[in-house]
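Here is the structure we will look at, set down as structure tokens.
The values are calculated or read from the model by the stated rules, or taken from the named source; none is laboratory data. Here the structure is a predicted model, which means the values were calculated and not measured. Here the Cβ is made from the backbone with ideal geometry for all residues, glycine too, and neighbour counts use every protein chain on show. The protein model used for the area step is the full one, side chains on, heavy atoms only, and it has no ligands, DNA or RNA in it. Shrake-Rupley method; radii C 1.70, N 1.55, O 1.52, S 1.80 Å.
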Amino acid sequence: MSQAFEVNFDGLVGPTHNYSGLSFGNVASTGNQRAASNPKLAAKQGLAKMKALHDLGFKQGVLAPHERPDVASLRQLGFSGTDAQVIARAAKEAPAILAAATSASCMWTANAATVSPSGDTADGRVHFTPANLNNKFHRSIEHPTTRRILQAMFADESRFAVHAALPAQMHFGDEGAANHTRFCHEYDGAGVEFFVFGASAFDGRYPKPARFPARQTLEACHAVARLHGLKEEGVVYAQQDPDTIDAGVFHNDVISVGNRNVLFHHEKSFLHQQDVLDELARKLAAVGGQFVPIEVPQAEVTVEEAVKSYLFNSQLLSRADGKMIIVVPEECRNIERVWAYLQKLVHSGGPIAEIRVFDLKQSMQNGGGPACLRLRVALSASEIAAVNPNVMMSEALFGTLNAWVDRHYRDRLAPEDLADPQLLLECRTALDELTGILGLGAVYPFQLA
Ligand code: SUG
């Protein structure tokens, strides 16, 4: 039996979690603009999921939140003075920009980076490319800190390579693992990496969505595959159906999820869907895997119901007996047809045999479900031993982080609170302590200044 694991690194929700309607094309985000948030509850909901999966025996880690508001970005945009003056001026002259600079969006760590396990890469190292998240200003400011945090967690350069993000330009719009899945037989063997793009930046022959933006380009997928040293026979590219992007599927992980040899997806996920599935089956067979697609028909769950319930923004986790657990948000239980589908799925005798439901409402209201909140890193036992041990979930870390949240987080943030300069100080105090807890060293702008 292989000694390799998929480790899920979940984003710890930051103290400034709020609803600012920043993500055009993400219907939950725009629909909840100006609602009051509860950062304390959001962080605790995320921690509860991490702990529950840890208790079930899965390897679970934590990715730290970022310093917000990002005063450096505000200064770059011409707001000047002391930090408090910068915030006051931005609040008065450009509240939408202040909101963007205050977003806790790094919590959705599926967008932190694309990860290629060592079994796939030319140099046998695990490769990470932080996503430039170029399509949205509030997300485009994440990657420098994300990179420093990943370097502090995966510091051993003989095993891990943490690249810089792709050029910050729409041609190379990159959304990280939200548009990437890896299929394999064993986590440490060779696999097939599946890159899903929304449009091509340079080739006009590819169709484009009409209403909402395509965040990920084909050219970004190619660039990441080159940087990671992937072999052509180990890669499949597919275009998302542009109509589903226009229906609110802003990332591929809102319409499909894969694990090991299984792809759980909707009938309307990809263009030329049958060709895509055939290529995945052929390439996975070449590395010893037997591809199992599970396709959900529109007649049973519509794209609209998929977007509302986040059925596909689920986690598929392999149990020790080889069967899989599907981790879904509570919203799936609240939509009768989706819940009926899930019941049928787990009683079908197929690979997915168990449902776990989590209350992640604080994140869901911004369009972030269970899969958005985690970055998957497949690691061999010796690679796991080289990861910074302080970031791995445990009984003790769970207690420490809950107490840390209790000490530093507010339980309500309304839009007008973002103008409060105290919020920055609260965030810095919390993060200063957190870098100690997680053994990250100096990773935030205020620590590096
Ligand atoms: O990028 N929402 C995030 C949600 C990301 C979900 N991630 C994955 N599907 N993997 C986004 O659209 C909303 C922030 C606000 O409106 O305040 C936001 O950024």
message = Full-extension gain between Ala320 and Leu56, please, as 0.36 nm times their residue separation minus the C-alpha to C-alpha distance.
response = 94.0 nm
request  = For Lys231, list the lysines whose Cα falls under 18 Å from its own Cα; do not include residues on the same chain fewer than 8 positions away.
outcome  = Lys283
task = Show Lys44, Lys51 ordered by accessible area, largest first, where the area counts protein heavy atoms only and the probe is 1.4 Å.
result = Lys44, Lys51
note = Mean-square fluctuation maximum in Gaussian network of the chain, Cα pairs under 10 Å, restricted to Phe312, Phe264, Phe197, hits Phe264
key: Probe 1.4 Å, all protein chains present, accessible-area order of Asp188, Asp243, largest first   = Asp243, Asp188
ask   = Which whole-number percentage describes the relative contact order of region 315-359, with Cα contacts under 8 Å and a sequence gap of 6 or more?
value = 44
query = What value, in deg cm²/dmol to 500, does the helix sum -39500 (n - 2.57) over DSSP H runs of n ≥ 4 give at 222 nm once divided by the residues of the chain?
reply = -9500 deg cm²/dmol
inquiry  = Sequence gap at least 6, Cα distance under 8 Å: using those rules, report the relative contact order of region 74-186 to the nearest whole percent.
reply    = 25
inquiry  = Taking the alpha-carbon distance from Lys44 and a cut-off under 21 Å, which lysines remain once sequence neighbours fewer than 8 residues away in the same chain are dropped?
reply    = Lys59, Lys361
query = How about Lys136: which lysines have a C-alpha closer than 19 Å to its C-alpha, ignoring those fewer than 8 places off in the same chain?
reply = Lys208
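Could you give the length gained on full extension between Asn334 and Tyr237, defined as 0.36 nm per residue of separation minus the Cα-Cα distance, in nm? Numbers along the way, then the final one.
Working: separation 97, 0.36 × 97 = 34.92 nm, distance 3.39 nm.
Extra length available between Asn334 and Tyr237 comes to 31.5 nm.
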Three principal axis lengths of region 36-137 [C-alpha, angstrom, descending] = 50, 37, 22
request  = Provide the descending list of Cα extents for region 343-449 along its principal axes, expressed in whole angstroms.
outcome  = 55, 41, 23
note = If one builds a Gaussian network model of the chain from Cα atoms under 10 Å apart, the most fluctuating residue listed among Gln343, Gln240, Gln365 is Gln343
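Take every DSSP beta bridge whose two residues both sit in region 190-337, then give the antiparallel share in percent to the nearest 5.
45
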note = Taking only the Cα positions of region 130-250, the convex hull volume per residue in Å³ is 120
query = In square angstrom, rounded to the nearest 10, how much accessible surface does Met170 have for a 1.4 Å probe?
reply = 120
Region 373-449: trypsin sites (Lys or Arg not before Pro) in DSSP coil with no more than 15 other Cβ atoms inside 10 Å = Arg412
ask   = If you take the beta carbon distance between Phe446 and Val292 as r and set R0 to 45 Å, what does 1/(1 + (r/R0)^6) give as a FRET efficiency, to the nearest 0.05?
value = 0.40
key: Shape call, region 399-449: gyration tensor on alpha carbons, a/c limit 1.5   = oblate
request  = Return the single residue from Ala64, Ala178, Ala281 with maximal mean-square fluctuation; model: Gaussian network over the chain, springs between Cα atoms under 10 Å.
outcome  = Ala281
ask   = Quick one: how many Å² of Glu219 are accessible to a 1.4 Å probe, rounded to 10?
value = 30
Alpha-carbon centroids, region 341-355 and region 1-67: separation in whole Å = 25
ask   = Taking only C-alpha pairs under 8 Å that are 6+ residues apart, what is the relative contact order of the chain in percent?
value = 23
Antiparallel %, DSSP beta bridges [both residues in the chain], to 5 = 55
query = Accessible surface of Asp120 in the full protein assembly, 1.4 angstrom probe, to the nearest 10 Å²?
reply = 10
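Carbon-plus-sulfur fraction of the accessible area of the chain, 1.4 Å probe, in percent?
52
Would you rank Trp339, Trp108, Trp404 by solvent-accessible area, highest first, keeping every protein chain in place and using a 1.4 Å probe?
From most exposed to least exposed: Trp339, Trp108, Trp404.
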message = Can you give the FRET efficiency to the nearest 0.05 for Ala381 and Leu77, using r as the Cβ-Cβ distance and R₀ = 56 Å?
response = 0.75
note = Honestly region 163-315 on the Cα gyration tensor test (a ≥ b ≥ c root eigenvalues; a/c under 1.5 rounded, otherwise a/b vs b/c for prolate or oblate) is just oblate
task = Determine the shape class of the chain: with a ≥ b ≥ c the square roots of the Cα gyration tensor eigenvalues, call it rounded for a/c under 1.5, and otherwise prolate if a/b is greater than b/c, oblate otherwise.
result = rounded
